[in-house]
Amino acid sequence: MIDKFIPGLKRLADAIHEQKAIAGCQLMHCGRVGGIETEYCQGPSPVPQRLRIFRPVEVMTKADIKQCIKEHVEATERLLKAGFDYVEISGIVGYLLSNFVSSYTNRRTDEYGGDIQGRMRFVVELVAEVKKLCGDVPVGIRLCADELLDDVGGNTPEESMITYEMAEEAGVDVMSVTAGWQESIYPVISRDIPMGSWLHLAERAKQHLKIPVSMAYRLFTPDLPNKAIGEGKLDIWEMCRPMIADPLMPKKVLEGTEDEIRPCVACNVCLARLFRDAPMTCYINPVCAHEWDPKYEIKPAEMEKNIIIVGAGPAGLECAWVAAERGHEVHIYDKREELGGTIIEASKAPYGDDELYGQISFSKAKAEKAGVEFHLGTEVTPELIEEEMPDTVVLATGPKYVKGTAPGFDRANVVPMLDVLNGKAEVGENVVVWGNLKPGIGVALLLAKQGKKVTVVGKERKLGKDINPSFKWRYVGYLKDNRVATYNDSEIEEITDDGITIRTYDGYRIPIKADTVVCTEREANPDLKDVVQENGIELFVIGDALVPRNLSSAVHDGYRIGIRV
Amino acid sequence: MAVDPQKELTKLHGALGVSQAVIKSTFFEWRQTALELLGPSSDTLDVVLKFWEVAGVDVAKNFFPMLNLRKGQEGLILDLARALAGTGIANGAVVRVEKGEGPLEALIRWERCPWPTFAKRYGASMKEDLLGCDKFLQTIVAEANAFLGTDLKIETQKAIPSGDGVCLRRLYK
Ligand SMILES: Cc1cc2nc3c(=O)[nH]c(=O)nc-3n(C[C@H](O)[C@H](O)[C@H](O)COP(=O)(O)O)c2cc1C
Ligand code: SF4
């Protein structure tokens, strides 16, 4: 960071101050995980990278360490000039300072290595220098309370608490408690980890420190930190992804409109994009990274319209509340008695998928507030459209679930995925799931957890190509743990009394025993399109009805049409 | 049409054999290309050993997610021995892993290995074949040591290219 950035940083700090908030900024050297497009990265010792994406480590000399401390101090100076009120030092998840602190990555024999005191020397020196400059401006630090690196000889939790005490002694004013590294083999913040799972680490930190303790890590709803603060286990509630999903979250909590918070679904798309240096996006928040762009604003409609939305799933509901907020008269129909569309079934899959339903609760609250009229238990027919003759029809009817064309797909033991998820279908002990995208994986895991022997067969070349890489490794692990066999790039050639025959892309034929075949394949849904067009009514098709994809695409489609219609 | 499992397995087994053979041919074709481009002053053994070092570093990375210090040194040695054996099996060798005499050692026994046959076919010496294989395995062990901070060693006690009938390697601390 060089001085030319000070005016920009000042604009940032000023904007935060204008909203009566405290402006903090973080100092970070990415260390071991800092090199992707470079030849090398820097670190204490040349420990090979576990993740192939990162470059080999070049060992830092003592002169490099001194230089790095100097650069942190210079950066602090710029932050203070720009008007920031809080400086945070990053020492977590595999970044430089954590590399020095951890016995996994620090194998030095000089005074910056050895026991935990030696490994902390860099941090202690750096904190002291930054604090000297900051004076009354508080300095925080993020350090791991549990690195979750016991498989590769990382710090023990006891050593981590020593690092906390040493940082406090060196002068930090706030401790941000974290868990895990990018190289940990355990999941930490994905949806499969229940909210609040890491609060015990904050509690442990409190027992070792006098300074305030803050924490994020799956504290997605205010009740969790609120309770922990009340019980003296935490002092400050941090949150990251919840505010990517809904930047107004804290304001809504303060105003008591929590039901209008768009909940993060802990999918880690944002992280996956960050790691690949791709532009920021959020799975669930269509406005993320477009907040500056007037095209994404919800502006009053130039002409108020009477709109029928067919389908009260995630796409239809999102479109409904946005269009209604703009002043349109919006009627949303669904043949089911319940809101949510196929998310009702999708949220029954294990490993945290129940949280997907949060998007439905959010958009329902927004739609009710915006005055959307609900017509549940009402199937939209061509006659209904001709009778109502709205200005606009939005088809958000969800996908059509399709069976394959091979012999045997018409047998009674071939059942649709939705019937399996909502418990209507009878499923045998040996099951083949047809479809290797997320819906197939979800239903396969549900059945495998019931003790069934499950095989996933799908046409896609790679399993779960619709799941981002920062989450997919979890599903691959769960499939393995639950002994689910997978055949990608394959067709079902035939279904018989005993099971199925797979034909792989290169022509091998494999018999699989199966009592039940569950179909998860989907295609676009053209229903009602003709009648709308024949009557000259403005038509939009969104979500899986347009192209079967996922919750994200449904919400993004819904928002995009909601602000346009 | 019902599947004939025997026919499918025969086809698959044939394809596996061909792809295993292609891997070895490709190595020797690459070796010949490198030597021709480097010219007569190049040292064949240097080139070959460098190849096996590069391969060892890359293959070792595949093992990092499964090496686990929580299993203790004994478990780690057995897991790494199995991983090393797997590199041979994938190439069509018959390899077995046994516990060694002490708790902190494992024996890896190549009862059959196709590499020396290919080396002969392409005119490479048995010495080169043996040293190449040693380099590959030593590099993997060195990378695992660098990754985990351990101090494991591997030594070759018998070798098919030396006429011993088996390759026997001891992985130990
Ligand atoms: C897109 C993204 C960027 C992040 N960047 C940083 C960062 O620059 N520094 C940092 O200390 N943590 C960073 N984090 C981690 C978060 O601060 C936070 O610790 C983590 O997301 C867990 O908290 P949460 O469950 O509230 O999201 C980032 C997280 C995300 C999702
Ligand atoms: S991309 Fe996913 S994890 Fe990230 S903020 Fe959005 S919903 Fe949450």
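For the stretch A:209-233, enumerate the residues that are within 13 Å of ligand 1 (Cβ to nearest atom) and either assigned to a loop (DSSP other than H, G, I, E, B) or within 14 Å of another protein chain (Cβ to nearest Cβ) (or both). Matches in the stretch A:209-233: A:Ala216, A:Tyr217, A:Arg218, A:Leu219, A:Phe220, A:Thr221, A:Pro222. The number of residues in the stretch B:121-149 that are away from every other protein chain (no Cβ under 14 Å), touching a residue at least 40 places away in the same chain (Cβ under 8 Å) and hydrophobic (A, V, I, L, M, F, W, C) comes to 5. Quick check on the stretch A:229-240. Is at least one of its residues free of Cβ contacts under 8 Å to residues at least 24 places away in the same chain, within 14 Å of ligand 2 (Cβ to nearest atom), touching a helix residue (DSSP H, G or I) at 6+ places or on another chain (Cβ under 9 Å) and open to solvent by 50 Å² or more (accessible area, probe 1.4 Å)? No, that holds for no residue.
Going by the conditions given, is B:Met66 within 14 Å of another protein chain (Cβ to nearest Cβ) and either among the polar types (S, T, N, Q) or touching a helix residue (DSSP H, G or I) at 6+ places or on another chain (Cβ under 9 Å) (or both)? Here the answer is yes, as B:Met66 does meet what is asked. One residue stands out in the stretch A:92-108 among those that are surrounded by fewer than 24 Cβ atoms within 10 Å (Cβ to Cβ) and closer than 21 Å to B:Thr150 by Cβ: the one that is farthest from the other protein chains (Cβ to nearest Cβ), namely A:Arg108. Scanning the stretch A:483-504 for residues that are in a loop (DSSP other than H, G, I, E, B) and either within 13 Å of chain B (Cβ to nearest Cβ) or touching a Gly at 6+ places or on another chain (Cβ under 7 Å) (or both) yields a count of 4. From the residues in the stretch A:256-294 that are more than 13 Å from ligand 2 (Cβ to nearest atom), without any contact (Cβ under 8 Å) to a residue 60 or more places away in the chain and in a helix (DSSP H, G or I), which one is farthest from the chain's Cα centre (by Cα)? That would be A:Pro294. The condition of being out of contact with any Lys or Arg (no Cβ under 6 Å at 6 or more places or on another chain), at pLDDT below 95 and not in a loop (DSSP other than H, G, I, E, B) holds for only one of A:Lys4, A:Lys66, A:Lys20, that being A:Lys4. Every residue in the stretch A:42-67 that is open to solvent by less than 20 Å² (accessible area, probe 1.4 Å) and either more than 9 Å from every other protein chain (Cβ to nearest Cβ) or in contact with a strand residue (DSSP E or B) (Cβ under 7 Å, 6 or more places away or on another chain) (or both), please. Selection gives A:Gly43, A:Pro44, A:Ser45, A:Val47, A:Phe54, A:Met60, A:Ile65.
Quick one: which residue in A:Glu203, A:Glu111, A:Glu169 is outside any loop (DSSP other than H, G, I, E, B), surrounded by fewer than 17 Cβ atoms within 10 Å (Cβ to Cβ) and either modelled with pLDDT of 95 or more or of a type in the set (S, T, N, Q) (or both)?
Checking each option against the conditions leaves just A:Glu169.
For A:Gln42, the conditions (1) part of a strand (DSSP E or B); (2) free of Cβ contacts under 8 Å to residues at least 40 places away in the same chain all hold with the exception of (2). Total residues in the stretch A:29-41 satisfying the condition of being within 14 Å of chain B (Cβ to nearest Cβ) and out of contact with any strand residue (DSSP E or B) (no Cβ under 7 Å at 6 or more places or on another chain): the figure is 0.
For the list (1) closer than 23 Å to B:Trp30 by Cβ; (2) open to solvent by 20 Å² or more (accessible area, probe 1.4 Å), I need the number of the one condition that B:Asn145 fails. Unmet for B:Asn145, out of (1) closer than 23 Å to B:Trp30 by Cβ; (2) open to solvent by 20 Å² or more (accessible area, probe 1.4 Å): (1).
The values are calculated or read from the model by the stated rules, or taken from the named source; none is laboratory data. Source: prediction; values computed, not measured. Virtual Cβ from ideal backbone geometry, glycine too; neighbours counted across all protein chains shown. Calculation scope for accessible area: heavy atoms of the full protein, side chains included, ligands and nucleic acids excluded. Shrake-Rupley method; radii C 1.70, N 1.55, O 1.52, S 1.80 Å.
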